[in-house]
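The values are calculated or read from the model by the stated rules, or taken from the named source; none is laboratory data. Because the structure is predicted, anything quoted here is derived from the model rather than measured. Cβ coordinates were reconstructed from backbone atoms using ideal geometry, including for glycine residues, and neighbour counts include every protein chain displayed. Side chains included, ligands, DNA and RNA excluded: accessible areas come from the protein's heavy atoms. Shrake-Rupley method; radii C 1.70, N 1.55, O 1.52, S 1.80 Å.
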Amino acid sequence: MRRLNIKAKIILATTIVLGLIFSVSSLTFYQQVKSAYLGRLDARLESYAEKLREEVEEQYLEKRFPYLPDIRSLRTEGLPDPRVRLFDSLGTMILSDSLLTDWPTKPWSDINVHEYLFEERQTPQGRFRTLWAPVEANDRNQFAVQVAYPLKDVEASLALLQLLLLIGVPVALGISAVAIYAIVSAAFRPLSDMIRAAERVSANNLSERLKLPRNRDEVFRLAASFNVMMERLESAFKGQKQFVADASHEIRTPLSIIRSELEYAQKNLSESSSHESLEAALEEVDRLKKLSDDLLLLAKLESLSISLKIQTVRIDEVLADCVTRMKPVADKAKVNLQLEICEAVEIKGDDDKLKSGVLNLIDNAVKYSKEGGTVTVTLSRNAGSVEVSIRDKGEGITAEDRQNIFKRFHRSESSRSRRDGSGLGLAIVHRIVELHNGTITVESQPGKGSTFTISLPEEKRD
Ligand code: ADP
């Protein structure tokens, strides 16, 4: 049974259950028909016995008993040829059908106590149904009648019914099994398609989709979920490929710069310009280091097994610390860095990761500000959430860039010429905020400045 597939199991189980139902109901049906046949025969025997009683009683009272022709001529509807015996209370046989003459009699004491006593008797002429009944005259049972009727017609009808059931039940079961096979096969066809499609799937063939069945049933939902899963897998794989391509591209540029600078320094070892080339090569090495650090951090943040060191964090202190650390950078860029904090606010989060996110945003705000510009870091509370905004009055971001700004390696047209960015910073910030169940949004007007707002759930106080 364990080796069978689900389809075979369903067909086998339903056929067994149907077989049991068919057998029990045909057995019950056979019994019902049999007792209906016998019931009808018994009723006719009773009615015949009743007429005999009346005739015998009448003849006895009129003192002309036994007048056999009258008794023999009695008939009952549905009993064409009944056999009769008649006894008196001493057991003397007064009248007997030739067939019954040798049949054993019954003690008077047995007959006397029953109104009707039914029996079946096997004879060389076949089985008979017989009835014994006492006959009352002058308030006393004085005679007994025995009526017998052959069971051959009833037996023939029952044998025919038995034959029909013995042939009919297996035939009906066979037809049902074929119908169940057809229904189950039709129901399982989409599943078989699904298995074949799943078998065709590989890393290079993620475009495989299932045709959705017309009926919106469980199989439809399974196929739809399979397609959604394939959609996600395909886009994850595409993203992964794109990521690798972008990363190699980002690494290639500094590497080729380093190579040409080193080549120049090698050829002009004695000249002072070779010193500048080595310096440029070192700068590119630093850039590569930053890029590989960012790549590693992003990969860690995106891995499913990342575990944040969640604790209660004073977000106002985090912001103050970030501003203090970014002050020298802002001063160097001649940008005024301000902090506006409403009050002390606590949230649940990972202190280091939150700091790294905020530092990234302040670094960008300073980087994309003009000399003499202002960057403002603000903390406010808003209906159960804490909002951190970093506002600058720099170059701003176009609507098109705003859509892609949190994607990995995305850099605006204008910032691509700069050699101090990789396009990973905002992707890292976005992931950090996501891991804290928060959201990050950006508002910006090109030429006027941008505001990045992080919204985080506030820690509830009891
Ligand atoms: P990058 O290292 O290039 O700064 P980010 O992921 O931090 O990478 O930012 C992606 C791009 O978003 C930047 O290249 C820049 O075009 C744009 N951007 C980010 N912050 C600002 C800002 N405050 N003002 C204007 N543009 C910004």
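Miscellaneous remarks
- Segment K241-S89, length gained on full extension (0.36 nm per residue, minus Cα span): 43.4 nm
- Calculated FRET value between S272 and E199, using beta carbons and R₀ = 60 Å, to 0.05: 0.35
- Restricting the calculation to Cα atoms, the range 48-109 yields a radius of gyration followed by a Dmax of 12.1, 32 Å.
- Percent carbon-and-sulfur accessible area, the chain, ignoring ligands, DNA and RNA, probe 1.4 Å: 54
- Using 0.36 nm per residue and subtracting the Cα-Cα separation, the extra length available between H249 and R64 on full extension is 53.3 nm.
- Expected 222 nm ellipticity per residue - DSSP helices of 4 or more, -39500 (n - 2.57), all of the chain, to 500: -19000 deg cm²/dmol
- Per residue, the solvent-accessible area of the chain (1.4 Å probe, heavy atoms of protein chains only, all protein chains present) comes to 60 Å².
- Theoretical FRET efficiency, 1/(1+(r/R0)^6), r = Cβ-Cβ of S185 and E155, R0 45 Å, to 0.05: 0.50
- Sorting the Cα pairs of the chain by distance into bins of 20 Å, from 0 upward, gives 16, 24, 15, 11, 10, 14, 9, 1, 0 percent per bin.
- Point-to-point label distance, S192-R416, nm (Cα→Cβ direction, 7 Å offset): 5.3
- When you filter the chymotrypsin sites (Phe, Trp or Tyr not before Pro) in the range 352-434 for DSSP loop state and at most 16 other Cβ atoms inside 10 Å of their Cβ, you are left with F409.
- Rounded FRET efficiency, nearest 0.05, which uses the C-beta distance separating V178 from I6 and R0 of 30 Å: 0.95
- Centre separation in Å (Cα based) which lies between the range 167-231 and the range 286-353: 52
- Segment M229-K211, length gained on full extension (0.36 nm per residue, minus Cα span): 5.0 nm
- Site pair E50 and T105 shows an inter-label distance of 2.8 nm when each label is modelled 7 Å from Cα along Cα→Cβ.
- For R408, net neighbour charge (Lys/Arg +1, Asp/Glu -1) across residues whose Cβ lies under 12 Å away: -1
- Cleavage-rule hits (trypsin sites (Lys or Arg not before Pro)) in the range 1-89: DSSP loop, at most 15 neighbouring Cβ within 10 angstrom: R2, R3, K63, R64, R75
- Loop-located GluC sites (Glu not before Pro) in the range 369-446 whose Cβ has at most 12 other Cβ within 10 Å (DSSP): E371, E413
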